[in-house]
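Participant: Okay, handing you the structure first.
The values are calculated or read from the model by the stated rules, or taken from the named source; none is laboratory data. Note that the coordinates shown come from a computational prediction; the quantities given were computed from them, not determined experimentally. Here the Cβ positions follow ideal geometry from the backbone for every residue, glycine too, while neighbour counts run over all protein chains shown.
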Amino acid sequence: MTELAEQLLAAQRQVLGDRLLGLYLFGSATTGSFKTGISDIDMLAVLATDPSANDLAGLATMHESLIKDAPAWYDRVEVDYLSATALANFRTGSWPAARISPGEAFHSIQTDHRWVTDWYQVLISGVTLHGPPPQQVIPPISHSEFVEAVRQQLLEWPDRLTEDVGPGSRTYAVLTACRAMRVCRTGDYVSKKEAAAWAREQLPEFRDVIDAAVAQRYEPQTPGAPAGPSLADTRRFIETVVDLCANSR
């Protein structure tokens, strides 16, 4: 992981030069829950200006080349690129940015107040790889604001579970809901796997659903084994967690 982070920083500086103001590692890589060969690497890259068309082209090519050189990291790298101004004013509107994440190729996006869940993680556990400490580029975020943002994101999940959602996305939805429920009910932000273990005790009627998601995400799959939770079970679980979190203010 350290080698990949160093390679990524060097490649970003080749594309962006002095316009790369800061790079921050967060998520499982900085909280002790990183699983080699399984976990994603999460980063925030802060730029001097909004990403330009040239930036987008150069960064897209850079990420493609990086994975060719390190194929073990295919679909396991997540980086958000946005300006220091956008980050400092994320509560005031929508701002242009760029992103690569598991299941998505590098592409342009718009960031807004919903990204508070990521920025909060950078503030409390982020590691600076380049630039000033994150507290100098991200405004203060209260724990209560973070919890409410997690709750609001959870409310969006039922509409995402369409018929074309695959096993990986269903697994991600179940594990994300486990962690959201843990945040809403206790205020604690833990790894998806730890949250799943906690959730299966809170909701014993959904143990099979949670276990299927954990197995699909973290355990070697045998031929013919179910590919994670079914869509129907995922929907039932998400709807139950949404109801619980909506009433846990």
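Participant: Considering every residue within the range 158-172, establish whether at least one is surrounded by 17 or more Cβ atoms within 10 Å (Cβ to Cβ) and at pLDDT 95 or above.
Facilitator: Checked against the condition, which is being surrounded by 17 or more Cβ atoms within 10 Å (Cβ to Cβ) and at pLDDT 95 or above, the range 158-172 yields no hits at all.
Participant: To continue, here is another question. Can you pull out every residue in the range 29-41 that is in contact (Cβ under 8 Å) with a residue 40 or more places away in the chain and not aliphatic (A, V, I, L, M)?
Facilitator: Passing the criteria: THR30, THR31, SER33, LYS35, ASP40.
Okay, residues lined up against (1) part of a helix (DSSP H, G or I); (2) modelled with pLDDT of 95 or more; (3) among the charged types (D, E, K, R); (4) surrounded by 20 or more Cβ atoms within 10 Å (Cβ to Cβ):
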| site | (1), (2), (3), (4) |
| --- | --- |
| VAL190 | no, no, no, no |
| TRP198 | yes, yes, no, no |
| ALA215 | yes, no, no, no |
| ALA227 | no, no, no, no |
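Participant: Could you tell me which residue of the range 1-28 is farthest from THR85 (Cα to Cα), considering only residues that are without any contact (Cβ under 8 Å) to a residue 40 or more places away in the chain and small (Gly, Ala, Ser)?
Facilitator: It comes out as ALA10.
Here's the yes/no breakdown for (1) under 28 Å from VAL214 (Cα atoms); (2) of a type in the set (A, V, I, L, M, F, W, C); (3) surrounded by fewer than 19 Cβ atoms within 10 Å (Cβ to Cβ); (4) over 20 Å from the mean Cα position of the chain (by Cα):
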site	(1), (2), (3), (4)
GLN7	no, no, yes, yes
ARG19	no, no, yes, yes
LEU23	no, yes, no, no
ILE41	yes, yes, no, no
ASP50	no, no, yes, yes
ALA57	no, yes, yes, yes
ARG76	yes, no, yes, no
PRO96	no, no, yes, no
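Participant: Condition check: within 18 Å of CYS245 (Cα to Cα), in contact with a Ser or Thr (Cβ under 6 Å, 6 or more places away or on another chain), assigned to a helix (DSSP H, G or I) and assigned by TED's automatic domain parsing to the domain that holds VAL150. Does CYS178 satisfy that?
Facilitator: Against the criterion (within 18 Å of CYS245 (Cα to Cα), in contact with a Ser or Thr (Cβ under 6 Å, 6 or more places away or on another chain), assigned to a helix (DSSP H, G or I) and assigned by TED's automatic domain parsing to the domain that holds VAL150), CYS178 does not qualify.
Participant: Given the criterion basic (Lys, Arg) and more than 27 Å from THR171 (Cα to Cα), identify the matching residue among ARG76, ARG13.
Facilitator: ARG13 is the lone residue from the list that is basic (Lys, Arg) and more than 27 Å from THR171 (Cα to Cα).
Participant: With the requirement that a residue be touching a strand residue (DSSP E or B) at 6+ places or on another chain (Cβ under 8 Å) and farther than 14 Å from ARG19 by Cα, what does the range 45-63 give you?
Facilitator: ALA60, HIS63
Participant: For the range 166-200, name all the residues that are within 18 Å of the chain's Cα centre (by Cα) and hydrophobic (A, V, I, L, M, F, W, C).
Facilitator: Once the filter is applied, which keeps residues that are within 18 Å of the chain's Cα centre (by Cα) and hydrophobic (A, V, I, L, M, F, W, C), the range 166-200 yields ALA173, VAL174, LEU175, ALA177, CYS178, ALA180, MET181, VAL183, CYS184, VAL190, ALA195, ALA196.
Participant: Report every pair of residues separated by at least 6 positions or lying on different chains whose Cβ atoms are under 6 Å apart, first residue within the range 43-54 and within 8 Å of ASP80 (Cα to Cα), second hydrophobic (A, V, I, L, M, F, W, C) and part of a strand (DSSP E or B).
Facilitator: These pairs meet every condition: MET43/LEU25; MET43/VAL79; ALA45/LEU23; ALA45/VAL79.
Participant: If I ask for residues that are crowded, with 17+ Cβ neighbours inside 10 Å and either under 12 Å from ALA11 (Cβ atoms) or touching a helix residue (DSSP H, G or I) at 6+ places or on another chain (Cβ under 8 Å) (or both), which ones from the range 78-94 would you list?
Facilitator: VAL79, ASP80, TYR81, LEU87, PHE90
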